[in-house]
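The values are calculated or read from the model by the stated rules, or taken from the named source; none is laboratory data. Since we're looking at a predicted model, the values are computed, not measured. Counting neighbours? That spans all protein chains shown, and the Cβs are built from the backbone with ideal geometry, glycine included. Side chains are part of the model used for accessible areas, which takes the heavy atoms of the whole protein and leaves out ligands, DNA and RNA. Shrake-Rupley method; radii C 1.70, N 1.55, O 1.52, S 1.80 Å.
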Amino acid sequence: MPTGSQGAKPNSGWRDSGTAMANLVKLFVICGLCGVLLAAFLVPMGALATAAVAGTNTVMNQLPSTLSTAPPAQTTKVLASDGSLIASFYAQDRQDVKLADMSPYIKNGIVSIEDARFYEHGGIDMTGILRALVATVKGGREGASTITQQYVNNIIIEQLVSNGKTDAVKLGQQKTLGDKINEMKLAIGMEKDMSKDDILAGYLNIIYFGNGAYGIEAAAKLYFNTTAKDLTLAQAAALAGVVNSPSYYDPITEPDHVVTRRNDVLANMLTQKKITQKEYDEAVKAPLTLDVNKPAQGCVAASTAPYFCDYVQQLILNDTAFGATTEERTKLLLQGGLTIKTTLDPALQNVAQDQVNATIAPTDPLQRGAAVVSVQPGTGKVLTMAQNTIYNPAAAPGNYMGNFALPVNDANGLPLNGAGGFQPGSTFKPIVFAEWLNSGHSMMTVINGAVRKYPLGYPWKNSCGTTGGAYDPAAGGGSLLLPNDDPDHYYPMTAFEGLYNSINTITFQTATQLDFCNIQKMATATGIKDGLTNKPYDVSDISSLIGTHNVAPIDMATMMATFASGGTRCDPIALVSVTDGSGKAYPVPGANCQQTVSAKVAAGVTYALQNMLVRGSGYQIPLNDKSNSFAKTGTTDYNIDTWTVGANSGIATASWFGSYKGNGPAFYNQNITINGHYWGVVDGANLAGTQWAGVMNAAAGQPGMAPGSLTQPPASMLSQTAPLIAGVNNPLANSGAVAPSQVQAPAPQAPAQPAPVVPQAPAATQDPAPAATSEPTSGP
């Protein structure tokens, strides 16, 4: 077995040679001034030597005697909630390890070949220098730098590179006499301040082993796919030999050179009694068996969730807690050796990724997008973030760097690399419904679904702005009557039924009794905002009631999480903790959970949306447990964007399928074939609904995510009230309205499973999008 290193105390190595070392430096300066090193030993220098030595005393006294040994650039790791690695970031592939976590073979091997007297000298080895002089006289070359000097040299280079001063780096013959003197004095100072073992550990953690590997841990991983601690004798000897010239002794391209050098290392270890004859004989015969594991860094190389990885990266780069400038934050990310623990649930992420991948391949000629994002109600933790495209900047089919889940920018206007969201369609209707309840209305109020005409100048109420727009052919500009997705639902029904069946005309009639300012405030209270501008959701046009402004999926998930948690809105969070290599903890954003919606209103919304899964527009969604979950589907004009968003007490998920490259005829999701299946139209309950159910079903089986019972709304929200009928309760009369006596409000009852009715696509959604005064319609 190899013998261990002695681990000398900080002062033990230099006391007997410190004065001699200083004199040697002076002698070296004299030799340099004369131009012939050998002359220092053969020719008396007289007065010139005396003057040179006097000058050297001044130089030596002016040079710094200590050097900062702060950890060199370290690899940053992004971890999932279970501690598994998502991705690494680095400027140099390096991970510091303690000397105790290195194989004794590498410790003894590097000393044997690089500095056999390491545990005897005080930073500068007089014997080594004299040996180098003799080699020079004989016309040869032999290095005289000790491990301590090499460590000093590498620290100087590391600090220059880290500070962007690469032009100041000097190597080999580029160094001046002053540079050499400086290194010598710093080496002596280092030996005063550090133990031998600490110097050796620092050296092995900083030295370059070629092919991008800095430090012994990275080298062990790169060449042998192992750790520094588990290196065998043959492997350690090979790596010990590499540091002399990483390009000449490149294990990948120059294996023969490496074997020759390895055997030299083994011979030295045997001579110095670091290994036995048997160990030498076995190691010297061993083949150089590489198991190359070239690391890839950044989110492009993420093992899972590359778009979530990019989200985390942007959170770090945008937060001044990690540096005053973008440059400082980038440096910390690439060199700070951060451990970034995140909220991502890797098991659930795998399910989400499988779901979007199964929906449509990124290279499918249709070039459609599919995305899923999940957050935890009551905490805001982001659990999944998956999309079907390939995170790769290269121009190739299916490659896309934008994050479907996110808005373009964060709250401070800094980039999140988000796609900016998509039109939510009918998934915005729960906001209108929530404000209906919040304003004191019952969900069992009967409303006339036959009202379709809203002319210009209709007196919509907006106490903090104005709201206009029209659904009226007489208004011109291509305006149409307000359509429903289903042509059979233009009749009076409760607000409750209007929501779970996603009836546009009911939503609009409820809005006639509401303040649009309060609708906007309800949207903000649940986390909804414009995905392109980060401003509050714009309600200046009546079309906004059916989701015509882009909203990011993560905000749609937050909305549903707010209702699921009884009205408590939490900002989405992805970071659990961030620490650096020294253990310093950085502050991370909190979820800022607040009660923004009354618990009664939240209960009313979840009650109605649970019925959507049972007997409404989402009855075909393959969710295993529909009794304790709720959801809303949404489809925009020409089925360009389709959604299912919903939640239970354990998880809230937004699922989207649609066209992300445009909204022209080529991107209509009608009469298309995906994975061999023909779709006349794609609605929210179809592909997006299947993705959503897949994630929700998987989550139900995980600890802490099993859905609890939904809270029942108060009786006042379920009570019968006077019907809202055009011409009586509504100031606008329209053809198709029915008299109050003809409308009977149904008694509240528990949801029941109806006989399935296959939804039919209405002709209205096939028409061209109205211009000027009308926006795209919304379907279920």
Checklist (1) of a type outside the set (Gly, Ala, Ser); (2) touching a residue at least 40 places away in the same chain (Cβ under 8 Å); (3) buried (at least 17 other Cβ atoms within 10 Å of the Cβ) applied to Leu414, failing item: (3)
Subset tally (residues that are in contact with a Gly (Cβ under 9 Å, 6 or more places away or on another chain), in a loop (DSSP other than H, G, I, E, B) and open to solvent by 10 Å² or more (accessible area, probe 1.4 Å)) for the stretch 390-406: 3
Candidate set: the stretch 709-723, residues that are among the aliphatic types (A, V, I, L, M) and assigned to a loop (DSSP other than H, G, I, E, B); chosen: the one nearest to Asp625 (Cα to Cα): Leu710
Residues (within 23 Å of the chain's Cα centre (by Cα), among the hydrophobic types (A, V, I, L, M, F, W, C) and farther than 16 Å from Pro553 by Cβ) located in the stretch 645-699: Ala698, Ala699
So Gln744, is it open to solvent by 40 Å² or more (accessible area, probe 1.4 Å), at pLDDT below 85 and of a type outside the set (D, E, K, R): yes
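State whether one or more residues within the stretch 614-622 are farther than 24 Å from Asp410 by Cα, of a type in the set (A, V, I, L, M, F, W, C) and open to solvent by less than 10 Å² (accessible area, probe 1.4 Å). Steps first, answer last, please.
Start the filter on the stretch 614-622 by keeping residues that are farther than 24 Å from Asp410 by Cα, which leaves 614-622.
So of that shortlist, the ones also of a type in the set (A, V, I, L, M, F, W, C) come out as 614, 621.
Next, from what is left, pick out any that are open to solvent by less than 10 Å² (accessible area, probe 1.4 Å): 621.
Checked the stretch 614-622: at least one residue is farther than 24 Å from Asp410 by Cα, of a type in the set (A, V, I, L, M, F, W, C) and open to solvent by less than 10 Å² (accessible area, probe 1.4 Å).
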Considering residues of the stretch 295-332 that are on the phi > 0 side of the Ramachandran plot and in contact (Cβ under 8 Å) with a residue 12 or more places away in the chain only, the residue nearest to the chain's Cα centre (by Cα): Ala305
Residue satisfying condition, being at pLDDT below 95, more than 23 Å from Phe496 (Cβ to Cβ) and open to solvent by 40 Å² or more (accessible area, probe 1.4 Å), within set Asn663, Asn671: Asn663
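For residues in the stretch 416-443 being part of a loop (DSSP other than H, G, I, E, B) and within 21 Å of Pro780 (Cβ to Cβ), which is farthest from the chain's Cα centre (by Cα)?
Residues of the stretch 416-443 part of a loop (DSSP other than H, G, I, E, B): 416-417, 419-421, 423-424, 439-443.
If we keep only those that are within 21 Å of Pro780 (Cβ to Cβ) too, we end up with 421, 423-424, 443.
Working: Gly421: 18, Gln423: 25, Pro424: 25, Met443: 41 Å.
The extreme case among them is Met443.
One line per residue, one yes/no per condition, for (1) over 29 Å from Tyr400 (Cα atoms); (2) hydroxyl-bearing (Ser, Thr, Tyr); (3) touching a Cys at 6+ places or on another chain (Cβ under 9 Å); (4) not in a helix (DSSP H, G or I):
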{"residue": "Ala666", "(1), (2), (3), (4)": "no, no, no, no"}
{"residue": "Asn671", "(1), (2), (3), (4)": "no, no, no, yes"}
{"residue": "Asp683", "(1), (2), (3), (4)": "no, no, no, yes"}
{"residue": "Gly689", "(1), (2), (3), (4)": "no, no, no, no"}
{"residue": "Val695", "(1), (2), (3), (4)": "no, no, no, no"}
{"residue": "Ala698", "(1), (2), (3), (4)": "no, no, no, no"}
{"residue": "Gly704", "(1), (2), (3), (4)": "yes, no, no, yes"}
{"residue": "Pro707", "(1), (2), (3), (4)": "yes, no, no, yes"}
Matching residues, the stretch 593-648, being closer than 30 Å to Arg368 by Cα, among the polar types (S, T, N, Q) and not in a helix (DSSP H, G or I): Ser617, Gln620, Asn624, Ser629, Thr633, Thr635, Thr636, Thr642, Thr644, Asn648
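Listed here are the residues, each with its yes/no results for (1) open to solvent by 50 Å² or more (accessible area, probe 1.4 Å); (2) modelled with pLDDT under 50.
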position: Tyr678; (1), (2): yes, no
position: Gln691; (1), (2): no, no
position: Ala699; (1), (2): no, no
position: Gln702; (1), (2): no, no
position: Ser719; (1), (2): no, no
position: Ala739; (1), (2): no, yes
Residues of the stretch 566-592 satisfying the condition of being touching a residue at least 12 places away in the same chain (Cβ under 8 Å), aliphatic (A, V, I, L, M) and either farther than 21 Å from Gly527 by Cα or part of a strand (DSSP E or B) (or both): Ile573, Leu575, Val576, Val578
